[in-house]
Amino acid sequence: MRVAIAGAGNVGQHAATSLHEAGHEVLLIEQNQNVVDRASLADGVEWYVGDACEVASLREAGLQTCEVLVAATGDDEDNLVVSLLAKQEFAIPRVIARVNHPKNEWMFTENWGVDLFVSTPTLITAMVEEAVSVGKLVEILRFEGGLARLVEVTLAEEASVVGQSIKDISLPREATIVAILRDEHLEVPRGETTFQPGDEVLALVTPDSEDDIRRILTGTV
C-alpha cells in the first residue's frame, strides 16, 4: 500500500518509520527543509519538500498515486485543509487526520474529507478511564467520523448481564459484542458466551445504539 504523510514532525516520522518497516511505500511531505535535513529515516522513505495545503504541491509530490493520506501536522487547520484536498481533488480512499486540540474534534468529519481522526489527548483520557473504571462505558475509538464507535466496559459484580449469555440479551441491531477480555485472555464472543464479573467487554456501536448498549452492560440488578 502507498501512504502519504503530511507533516514530518515526531508523529509523522514515527508513523513513516513504522509503516515502512511494515512493508508499505511511504511518501513524507514536509515544507520545512530544516526538518527534512535533520530527519533520520530508513532508506526507501520518499520525501517531498513543499506545502501540503496546495493542490499543485500535492500533485507534484504524487499524491494521486497513494491509497491513504495521513494529515499529521501540528496545526489542526492545516490538517483539515490537507484532508479536504486529498478527498476532493485526489479522491484518496482513506484519509486519517491528527487532532492536536480536542476542542476541534467536531470539525474532523467527512465534510472535511476525514474518514478517521486520532486525538492523542482524548485517547489518553480514554485509556486511563478504561484502566480504572468499572461499570462505566468508555469510548475507545471512532471510525468514519463517529458513525461507528468502539466502546468498552468492565462488568461490575452487580451488573444485570452477569450470568446471562449473549443470546439471552436483546442487543440492538446496530451493535455487536466484538471481544471479551477475561483473566488476561481474549474470548471470541459467541451466542452461548456467558458474561462474568470483571469481564472487559468490547462492543462496536453506532450513535443510535450506544445508549442501549450502555444500559444493557452497565445496568445493575
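For region 147-221, take N as its residue count and report Rg(C-alpha) divided by 2.2 N^0.38 Å. Intermediate values should be presented prior to the final figure.
Values: Rg = 11.3 Å, N = 75, 2.2 N^0.38 = 11.3 Å.
Region 147-221 yields a ratio of 0.99.
Rounded to the nearest 5, what is the percent of antiparallel bridges among the DSSP beta bridges in the chain? Could you put the intermediate results ahead of the total?
On the way: 21 of 42 bridges.
Of those bridges, close to 50 percent are antiparallel.
Roughly speaking, to the nearest percent, how much of the chain's 1.4 Å accessible area is carbon and sulfur? Write down the numbers at each step before the final one.
Values: 5810 of 11720 Å².
Ligands and nucleic acids excluded, carbon and sulfur give 50 percent.
Identify which of L85, L171, L63 has the largest mean-square fluctuation in a Gaussian network model of the chain, with springs joining Cα atoms closer than 10 Å.
So, out of L85, L171, L63, the one fluctuating most is L171.
Just report the Cα centroid separation between region 35-110 and region 149-219, whole Å.
A separation of 37 Å, based on Cα centres.
Fully extended, how many nm does the chain gain between R38 and D51 (0.36 nm per residue separation, minus their Cα-Cα distance)? Intermediate values should be presented prior to the final figure.
Numbers: separation 13, 0.36 × 13 = 4.68 nm, distance 1.81 nm.
Value of the extension gain: 2.9 nm.
For the chain, set up a GNM with springs between Cα atoms under 10 Å and report which of L84, L141, L181 has the largest fluctuation.
L181
Rolling a 1.4 angstrom probe over the protein heavy atoms, how many square angstrom per residue are accessible across the chain? Walk me through the numbers on the way to the answer.
Working: 11720 Å² over 221 residues.
Accessible area per residue: 53 Å².
If you look at just the Cα atoms of the chain, how large are its Rg and its Dmax in Å?
Rg and Dmax of the chain, Cα atoms, are 20.7, 62 Å.
Can you give the helix-only mean residue ellipticity at 222 nm for the chain, where every DSSP H stretch with n ≥ 4 adds -39500 (n - 2.57) and the sum goes over all residues, rounded to the nearest 500 deg cm²/dmol? Working shown, then result.
Numbers: 6 runs with 63 residues, N = 221.
Result for the chain, helices only: -8500 deg cm²/dmol.
What range in the chain is the longest one free of trypsin sites (Lys or Arg not before Pro) that are in a loop by DSSP and have at most 11 other Cβ atoms within 10 angstrom? Numbers along the way, then the final one.
Working: sites that count: R173, R190.
Longest stretch, sites excluded: 1-172.
For N104 and S18, what does the FRET efficiency come to when R0 = 22 Å and r is the distance between their Cβ atoms, rounded to the nearest 0.05?
Details: r = 25 Å, r/R0 = 1.14.
That gives a FRET efficiency of 0.30.
The values are calculated or read from the model by the stated rules, or taken from the named source; none is laboratory data. Model, not experiment: these values are computed from the prediction. Using ideal geometry, Cβ is built from the backbone for each residue, glycine included, and neighbour counts are taken over all protein chains shown. Ligands, DNA and RNA are stripped out before the accessible areas are found, and what is left, the full protein with its side chains, is counted by its heavy atoms. Shrake-Rupley method; radii C 1.70, N 1.55, O 1.52, S 1.80 Å.
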